[in-house]
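Asks: Below is a structure I'd like to ask you about.
The values are calculated or read from the model by the stated rules, or taken from the named source; none is laboratory data. On a predicted model such as this, the values are computed, not experimentally measured, just so you know. With ideal geometry, Cβ positions are generated from the backbone for all residues, glycine too; neighbour counts draw on all protein chains shown.
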Amino acid sequence: MQGAVLYGPREVRFEQQEVPKINKATDAIISLSATCICGSDLWPYRGIQPIAGPTPMGHEYCGIVEEVGREVRNIKPGQFVVGSFATSDNTCVICRDGYQSSCVQREWMSGAQAPFLRVPFADGTLVPTKDLPPKELIPSLLATSDVLGTGWFAADAANVKPGNTIVVVGDGAVGLLSVLSAKQMGAERIIAMSRHASRQKLAREFGATDIVTERGDEGVARIEEMTKGIGADSVLECVGTQESMMQAIQCTRPGGYVSYVGVPHGVTLDGEHLFFSHVHLHGGPAPVRRYLPELIKLVLNGEINPGKVFDLVLPLNEVAEGYRAMDERRAIKTLLRP
């Protein structure tokens with residue numbers, strides 16, 4: 001088979017790879033119905049996050065089970081499944097507490113930008129659907145694998161409740177689906193911070209009530225003005241830069257909540273400022289596996305359509321163009337069809 005491999009900054013090759021095989025008795029092999037490019041893939045693509053050598057890319061996936069190891073009990077060949085970007089046994093004390101992305105046996109998924117994928121700890125990582133889903137729902141089911149699960153965690157970790165005023169910092173796919181998640185959780189006022197017309201439009205479709213184009217100190221001042229000097233109840237940080245994190249904290253009222261789900265690069269916090277801000281901070285790699293059953297059900301019932309974040313669809317062999325489009329902000333998120 002052929003798959004995407006990152007060799008260095010802005011050098012993605014679609015090249016020959018070995019077809020994955022069962023390595024451990026807890027593995028499953030799936031044929032991918034769809035995969036995609038994640039915003040976090042752009043960090044190594046841009047050379048901001050170093051790689052040790054040629055790296056198979058991709059960690060978002062859904063598809064049909066082809067084969068399972070002899071110890072797999074709940075996942076069976078022929079099932080349609082969705083999995084997380086982090087594997088989990090789903091039985092350890094951390095998993096039972098709902099933080100499967102920190103499972104004691106966690107492995108980070110990679111190599112999903114290819115036709116076939118090996119998934120370790122299949123019973124704990126994969127969630128099957130009862131029946132094969134219609135093709136039109138594949139993009140939305142794929143979104144549950146990471147960006148929707150991460151957006152949902154952003155809203156959950158920020159304690160979004162009915163009637164709240166919330167702010168979403170970041171208008172990438174995770175930020176946009178954080179808007180959708182906050183809407184589903186009953187937030188009354190959802191302020192999306194965005195400078196891009198196409199993303200603003202989608203944010204409003206997902207439930208944003210207000211758009212703020214300012215950033216940094218100007219963005220903080222605008223939120224203070226809109227909340228009559230109080231600040232937001234919850235702020236969802238979906239970027240991972242120093243500016244976005246400080247903007248999130250400064251937009252939050254004392255006693256409010258900040259979630260951070262953007263992979264941090266160069267973020268440092270001043271202890272004294274944090275001490276007097278009186279905000280709750282919670283975040284990290286989203287425990288997508290915790291939410292997958294609920295999110296898959298919402299998609300299959302037609303209650304949400306997170307697949308709208310895929311505004312570019314390409315065949316898998318054009319993966320390099322998908323990276324370029326997202327890097328140049330010509331696309332929010334690229335879906336790849338094997």
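Asks: Test R289 against the criterion of being part of a helix (DSSP H, G or I), surrounded by 24 or more Cβ atoms within 10 Å (Cβ to Cβ) and not hydrophobic (A, V, I, L, M, F, W, C), and give yes or no.
Replies: Against the criterion (part of a helix (DSSP H, G or I), surrounded by 24 or more Cβ atoms within 10 Å (Cβ to Cβ) and not hydrophobic (A, V, I, L, M, F, W, C)), R289 qualifies.
Asks: On the given criteria, is V174 closer than 24 Å to G124 by Cβ, surrounded by 24 or more Cβ atoms within 10 Å (Cβ to Cβ) and out of contact with any Phe, Trp or Tyr (no Cβ under 9 Å at 6 or more places or on another chain)?
Replies: Yes; evaluated as a whole, the condition is true for this residue.
Asks: Is the stretch 38-48 home to any residue that is on the phi > 0 side of the Ramachandran plot and either more than 21 Å from the chain's Cα centre (by Cα) or not assigned by TED's automatic domain parsing to the domain that holds P9 (or both)? Even if it seems obvious, please write down each step before you answer.
Replies: Filtering the stretch 38-48 down to residues on the phi > 0 side of the Ramachandran plot leaves 47.
Adding the requirement that they be either more than 21 Å from the chain's Cα centre (by Cα) or not assigned by TED's automatic domain parsing to the domain that holds P9 (or both) leaves none.
No: the stretch 38-48 contains no residue that is on the phi > 0 side of the Ramachandran plot and either more than 21 Å from the chain's Cα centre (by Cα) or not assigned by TED's automatic domain parsing to the domain that holds P9 (or both).
Asks: Tally time: how many residues in the stretch 202-241 are without any contact (Cβ under 8 Å) to a residue 60 or more places away in the chain and over 22 Å from the mean Cα position of the chain (by Cα)?
Replies: Matching residues across the stretch 202-241 total 21.
Asks: Can I ask one more? Here is a list: N305, N301. Which entry is of a type in the set (S, T, N, Q), out of contact with any Phe, Trp or Tyr (no Cβ under 6 Å at 6 or more places or on another chain) and surrounded by fewer than 17 Cβ atoms within 10 Å (Cβ to Cβ)?
Replies: Details: N305 fails: surrounded by fewer than 17 Cβ atoms within 10 Å (Cβ to Cβ).
One residue alone meets the criteria, N301.
Asks: Starting from the stretch 256-269, take each residue that is modelled with pLDDT of 95 or more and list its partners that are of a type in the set (G, A, S) and assigned to a loop (DSSP other than H, G, I, E, B), counting only C-beta distances under 7 angstrom and pairs at least six apart or across chains.
Replies: Every condition considered, the pairs that remain are G256/G231; Y257/A158; V258/A158; S259/A158; V261/A286.
Asks: Here's something else I'd like to know. Out of the helices (runs of 4 or more DSSP H) lying entirely within the stretch 142-240, which hold 2 or more residues that are in contact with a strand residue (DSSP E or B) (Cβ under 7 Å, 6 or more places away or on another chain) and more than 28 Å from A112 (Cα to Cα)?
Replies: Working: elements: 147-157, 173-184, 197-206, 216-226.
Here the list reads 173-184, 216-226.
Asks: Turning to a different aspect of this structure: Being surrounded by 15 or more Cβ atoms within 10 Å (Cβ to Cβ), within 15 Å of the chain's Cα centre (by Cα) and not in a strand (DSSP E or B) is the requirement here; does I249 meet it?
Replies: Numbers: surrounded by 15 or more Cβ atoms within 10 Å (Cβ to Cβ): yes; within 15 Å of the chain's Cα centre (by Cα): no; not in a strand (DSSP E or B): yes.
Spelling it out, it is not the case that I249 is surrounded by 15 or more Cβ atoms within 10 Å (Cβ to Cβ), within 15 Å of the chain's Cα centre (by Cα) and not in a strand (DSSP E or B).
Asks: Now for a separate question. What's the total number of residues in the stretch 2-25 that are at negative phi and not in a strand (DSSP E or B)?
Replies: Count: 10.
Asks: Can you tell which of G69, G78, G98 is free of Cβ contacts under 8 Å to residues at least 24 places away in the same chain, in the same structural domain as K21 (by TED's automatic domain parsing) and either hydrophobic (A, V, I, L, M, F, W, C) or surrounded by fewer than 23 Cβ atoms within 10 Å (Cβ to Cβ) (or both)? I'd like the intermediate steps shown before the answer.
Replies: Working: G69 fails: free of Cβ contacts under 8 Å to residues at least 24 places away in the same chain; G98 fails: free of Cβ contacts under 8 Å to residues at least 24 places away in the same chain.
Of the residues listed, the single one that is free of Cβ contacts under 8 Å to residues at least 24 places away in the same chain, in the same structural domain as K21 (by TED's automatic domain parsing) and either hydrophobic (A, V, I, L, M, F, W, C) or surrounded by fewer than 23 Cβ atoms within 10 Å (Cβ to Cβ) (or both) is G78.
Asks: Go through A122, A203, A197 for me and flag whichever is small (G, A, S) and either within 20 Å of A248 (Cα to Cα) or touching a Cys at 6+ places or on another chain (Cβ under 9 Å) (or both). Even if it seems obvious, please write down each step before you answer.
Replies: Values: A122 fails: either within 20 Å of A248 (Cα to Cα) or touching a Cys at 6+ places or on another chain (Cβ under 9 Å) (or both); A197 fails: either within 20 Å of A248 (Cα to Cα) or touching a Cys at 6+ places or on another chain (Cβ under 9 Å) (or both).
Result: A203 is the single residue among A122, A203, A197 that is small (G, A, S) and either within 20 Å of A248 (Cα to Cα) or touching a Cys at 6+ places or on another chain (Cβ under 9 Å) (or both).
Asks: Further question on the same structure: Condition (residue is β-branched (V, I, T) and more than 20 Å from V72 (Cβ to Cβ)) applied to the stretch 124-146: is it met by at least one residue? Break it down into steps so the answer makes sense when it comes.
Replies: Taking the stretch 124-146 as the starting set, the residues that turn out to be β-branched (V, I, T) are 125, 127, 129, 138, 144.
Okay, now just the ones that are also more than 20 Å from V72 (Cβ to Cβ), so 138, 144.
Within the stretch 124-146, one or more residues are β-branched (V, I, T) and more than 20 Å from V72 (Cβ to Cβ).
Asks: Of these, R290, R324, which one is among the basic types (K, R) and closer than 17 Å to S181 by Cβ? Before you say what the answer is, go through the steps one by one.
Replies: Values: R324 fails: closer than 17 Å to S181 by Cβ.
Within the list R290, R324, the selection yields R290.
Asks: Given the conditions (1) more than 27 Å from R330 (Cα to Cα); (2) without any contact (Cβ under 8 Å) to a residue 40 or more places away in the chain, report the number of the one that H282 does not fulfil.
Replies: Failing condition for H282: (2).
Asks: If you check A86 against the conditions, is it touching a residue at least 60 places away in the same chain (Cβ under 8 Å), buried (at least 24 other Cβ atoms within 10 Å of the Cβ), in contact with a strand residue (DSSP E or B) (Cβ under 9 Å, 6 or more places away or on another chain) and closer than 27 Å to V65 by Cα?
Replies: Here the answer is no, as A86 does not meet what is asked.
Asks: Taking the condition assigned by TED's automatic domain parsing to the domain that holds D327, surrounded by fewer than 19 Cβ atoms within 10 Å (Cβ to Cβ) and modelled with pLDDT of 95 or more, does E205 pass? Lay out the reasoning, then the answer.
Replies: On the way: assigned by TED's automatic domain parsing to the domain that holds D327: no; surrounded by fewer than 19 Cβ atoms within 10 Å (Cβ to Cβ): yes; modelled with pLDDT of 95 or more: yes.
Answer is no for this residue.
Asks: R199 is checked against (1) over 30 Å from V299 (Cα atoms); (2) touching a Leu at 6+ places or on another chain (Cβ under 7 Å); (3) among the charged types (D, E, K, R) and fails just one. What number does that condition carry?
Replies: R199 satisfies every listed condition except (1).
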